[in-house]
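The values are calculated or read from the model by the stated rules, or taken from the named source; none is laboratory data. What you see is a predicted model; the values in this text were computed from it and never measured. Positions of Cβ are backbone-derived with ideal geometry, glycine not excepted, and every protein chain shown enters the neighbour counts. These accessible areas exclude ligands, DNA and RNA; they are computed on the full protein's heavy atoms, side chains included. Shrake-Rupley method; radii C 1.70, N 1.55, O 1.52, S 1.80 Å.
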Amino acid sequence: MVAKIGAMRIDVVTIFPEYLDPLRHALLGRAIERGILSVGVHDLRSWTHDVHKAVDDTPFGGGPGMVMKPEVWGPALDDVAALAGPAGQDALLESASPHVRGGLRAGKETTVDAAPVEDPDTRPVLIVPTPAGRPFTQDMAQRWSQEERLVFACGRYEGIDQRVFTDAQQRYRVEEVSLGDYVLIGGEVAVLVIAEAVVRLIPGVLGNRASHQEDSFQDGLLEGPSYTKPRVWRDLEVPEVLTSGNHAKVARWRRDQSLHRTLSVRPGLVEDAADAGLLDKADRRTLAALEGSDAWSDPATVPEK
Ligand code: 6GU
């Protein structure tokens, strides 16, 4: 068997394991089947001790809602880090391809297990989805796609006792991240979003290796429009340059569309790209020409009769 490059293990701790079923479908499911990815989903309630399987309690200092308990989350994250206790059993049960765990271990050329726990680079990343986190970006997705292990902690209610994450820093690189400026009920949907953004960047997951070189955000700008056959559809004609066969002209046109669209819908991104030195002279010329122009819209036109 060919050695697996970039194999990754993702673990998720949640009170709603079934919410994570989509992780096994489509793109991620294919990555699992091909041994690039393995996924363990763990029910937080496995770490409760009382008959009610309580995971939350009232907040100190008062206020509405409930806070998730440290005595449940602490041992859960300890076990998931070590793949021990209920986490070890879940991992065996939940793996979509049973050979993967062995494959992952065999693939570890570096002595990850022997490295001291204090080494920041060998601790798994613990990703905590929360509206109070740092905004999740393509840059984070890129960095995390190179990790061997990602662990997600899904909070519900008003969140998780903060001491859980202070303590977890002994075993994890803890990252609290937000998807945007709105509030979700819990972290589960955010995990699906983040996992998909990360996994598609693992080498070998996408069919076309070049296909993420041209993603939106890869160069700090949004992607321009795309078209396929037929050339005229409902009286709308694909921009002529795209059918010209002139590759340099096509590339310039696409870049200009990208600049126009980004300036129109996300002007801050154009500023950031300029500050990062990602815009060349031709780009600046395009932007100057766009000054005071209309908002970007589909450049497909109605053909002249
Ligand atoms: Cl990552 N989690 C939750 N629970 N709510 C959010 C979010 C994440 N991002 C925006 N709202």
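Odds and ends about this structure:
- In segment 183-196, the residue that is farthest from the ligand (Cβ to nearest atom) out of those that are open to solvent by 10 Å² or more (accessible area, probe 1.4 Å) and part of a helix (DSSP H, G or I) is Glu196.
- Tally of residues being part of a loop (DSSP other than H, G, I, E, B), over 22 Å from Pro22 (Cα atoms) and in contact with a helix residue (DSSP H, G or I) (Cβ under 6 Å, 6 or more places away or on another chain) across segment 162-182: 1
Matching residues to (1) in the same structural domain as Pro135 (by the TED database); (2) within 16 Å of the ligand (Cβ to nearest atom):
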position: Phe165; (1), (2): yes, yes
position: Val198; (1), (2): yes, yes
position: Leu206; (1), (2): yes, no
position: Leu242; (1), (2): no, no
position: Ala248; (1), (2): no, no
position: Gln257; (1), (2): no, no
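- Residue check for Leu221: without any contact (Cβ under 8 Å) to a residue 60 or more places away in the chain and open to solvent by less than 10 Å² (accessible area, probe 1.4 Å): yes
- Of all residues making up segment 127-168, the number that are open to solvent by less than 20 Å² (accessible area, probe 1.4 Å) and among the hydroxyl-bearing types (Ser, Thr, Tyr): 1
- Subset of segment 124-154 that is polar (S, T, N, Q) and more than 10 Å from the ligand (Cβ to nearest atom) - its residue that is nearest to Ala195 (Cα to Cα): Ser145
- Matching residues, segment 55-77, being in contact with a helix residue (DSSP H, G or I) (Cβ under 8 Å, 6 or more places away or on another chain) and more than 16 Å from Gly186 (Cα to Cα): Pro70, Val72, Gly74, Pro75, Ala76, Leu77
- Residue within segment 257-280 that is under 15 Å from Pro299 (Cα atoms) and surrounded by fewer than 13 Cβ atoms within 10 Å (Cβ to Cβ) present: no
- Test: residue in segment 48-68 that is in a helix (DSSP H, G or I), buried (at least 16 other Cβ atoms within 10 Å of the Cβ) and in the same structural domain as Ile185 (by the TED database): no
- Qualifying residue in segment 171-182 (condition: more than 8 Å from the ligand (Cβ to nearest atom), of a type in the set (Ser, Thr, Tyr) and either under 21 Å from Leu83 (Cβ atoms) or open to solvent by 10 Å² or more (accessible area, probe 1.4 Å) (or both)): yes
- Taken across segment 205-219, residues that are under 30 Å from Ala26 (Cα atoms), of a type in the set (A, V, I, L, M) and touching a helix residue (DSSP H, G or I) at 6+ places or on another chain (Cβ under 7 Å) do occur, with at least one present.
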